[in-house]
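The values are calculated or read from the model by the stated rules, or taken from the named source; none is laboratory data. These numbers come from a predicted model, not from an experiment. Methodologically, a virtual Cβ is constructed for each residue, glycine included, from the backbone with ideal geometry; neighbour enumeration extends over all protein chains shown. Only protein heavy atoms, including side chains, enter the accessible area calculation; ligands, DNA and RNA are left aside. Shrake-Rupley method; radii C 1.70, N 1.55, O 1.52, S 1.80 Å.
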Amino acid sequence: YRGLWQEALVRLHQTNNFPEFTGRVCPAPCEGSCVLGINSPPVTIKNIEVAIIERGFEEGWVVAEPPRVRTGKKVVVIGSGPAGLAAAAQLNRAGHLVTVLERDDRPGGLLTYGIPNMKLDKRGIVERRLRLLEQEGIKFICNATVGENVEAQLLLKDFDATVICTGATQPRDLQAEGRELKGVHFAMDYLTASTKALLDGKPDGAPMHARGKNVVVLGGGDTGTDCVGTAMRQGCRTLVQLEIMPKPPMDRAEDNPWPEWPKVYKLDYGQEEAAAAFGQDPRAYLATVKKIVGDAAGSVTSIITVEIGWEKNGAGQFVPKEKAGSEKTVPADLVLLAMGFTGPEESLLKDLSLERDARSNVKAEHEQYTTSVKGVFAAGDCRRGQSLIVWAINEGRGVAREVDRYLMGSTQLP
């Protein structure tokens, strides 16, 4: 508010490589922990981040800054999501020659294909930053799938260090009768196909399209919300979102004090749009799918839902229990599974013979990021499990610091 925009930009970039991303797609746990939030609405940190970085681009302050000196060391980063990009940016800043491998046809990982365009514009926001990184000397190679058209063991020979930032992209599946019917898809497959069709200039040509269909979304997280928002834009006929958890309270519960994340009821953008179109919040709480019903052609026509209650089992754990007589039939032509992710995909980890932890993630200590194979490091969701973009950027920066230390003996990276 003093007009010191450039100083604010410098301060912001000291800990965050990509405030234009976090300011748009992070759920902002920082706002939930804001001291002002004890008794008032918290500081709108996300809005401030976006305002600062966009002012920086408008004024021409955000420019490519290639390193003055190159070390001659070569590093390959597998995965170009937020963790991979942060790692690449910091390693390049230290003077190393960085190559980023991406299996999709465009770099950006989750930023490009996992988040819908209306939430994070690809050409205006994501590609703008990717161009800067290329101008700084980072090399991106797309359609490069390690284990298929790129041999994993060759990377260990050709590069001085390897950084794995492949994310936790193994989706949690639905165990219900009728799961194999046509029209039942993983949410990320649907979002990826929709964004790819849009970027290719053929938005109506997506192989999974919601126009005129009865859509059911299973799962109440950010991915589920993005499915709701995408289906609304594609012109769905009806929309229902099933959430297995109870409806959150309007205000913080006594066992959910500041500075914990406030578990309170809110209408995110997708549900707000659906409510405006259909007259109510599309979410049904404490509900799940019991059976998926199809026609003679093998296509889904409806789902049978059931209400559940949470009860403790013999081990003291809360488990869902079906309420007798609560079955309902809901029309469905497109069922999207947005129930989270179970961990990283296995093929690359097997090819590199990497040790994994009890949750199937790459085993590497936080703040060290070293795997069981010398010269191979891991960061982001593939190491810590599905998490937030702020953690991905933090870990990308952290792994870059440790790789630099491994290559040079010491590091100046923060």
- Restricting the search to the stretch 142-160, which residues are of a type in the set (A, V, I, L, M) and within 25 Å of the chain's Cα centre (by Cα)? ALA144, VAL146, VAL150, ALA152
- Item | Any hit, the stretch 324-347, residues being more than 27 Å from VAL240 (Cα to Cα), out of contact with any Leu (no Cβ under 6 Å at 6 or more places or on another chain) and among the hydrophobic types (A, V, I, L, M, F, W, C) | no
- Out of all the residues in the stretch 277-294, which are assigned to a loop (DSSP other than H, G, I, E, B) and either open to solvent by 70 Å² or more (accessible area, probe 1.4 Å) or among the small types (Gly, Ala, Ser) (or both)? GLY279, GLN280
- Query: Which residues, counting only those in the stretch 374-410, are open to solvent by 30 Å² or more (accessible area, probe 1.4 Å) and in a loop (DSSP other than H, G, I, E, B)?
  - Reply: LYS374, GLN386, SER387, LEU388, GLY409, SER410
- Query: Among the listed residues ALA274, ALA364, which satisfies the condition of being in contact with a Pro (Cβ under 7 Å, 6 or more places away or on another chain) and either among the charged types (D, E, K, R) or open to solvent by less than 40 Å² (accessible area, probe 1.4 Å) (or both)?
  - Reply: ALA274
- Message: For a quick check of your reading of the model, give me the residue pairs whose first member lies in the stretch 52-67 and is free of Cβ contacts under 8 Å to residues at least 60 places away in the same chain, whose second is exposed (fewer than 15 other Cβ atoms within 10 Å of the Cβ) and of a type in the set (D, E, K, R), with beta-carbon atoms closer than 9 Å and at least 6 apart or on different chains.
- Response: ILE52/ARG11
- Conditions (1) under 16 Å from the mean Cα position of the chain (by Cα); (2) assigned to a loop (DSSP other than H, G, I, E, B): number failed by SER353: (1)
- Query: Of the residues GLY314, GLY325, which single one is surrounded by fewer than 17 Cβ atoms within 10 Å (Cβ to Cβ), on the phi > 0 side of the Ramachandran plot and not in a strand (DSSP E or B)?
  - Reply: GLY325
- Being within 17 Å of CYS227 (Cβ to Cβ) and in contact with a Lys or Arg (Cβ under 9 Å, 6 or more places away or on another chain) narrows ALA332, ALA275 down to just ALA332
- Message: Quick check on my filter: what residues within the stretch 330-360 are touching a Gly at 6+ places or on another chain (Cβ under 7 Å) and either of a type in the set (Phe, Trp, Tyr) or at positive phi (or both)?
- Response: GLY340, GLY343, SER360
- Message: Looking at the stretch 245-268, can you tell me whether even one residue there is under 25 Å from ASP173 (Cα atoms), touching a Ser or Thr at 6+ places or on another chain (Cβ under 7 Å) and of a type outside the set (D, E, K, R)?
- Response: no
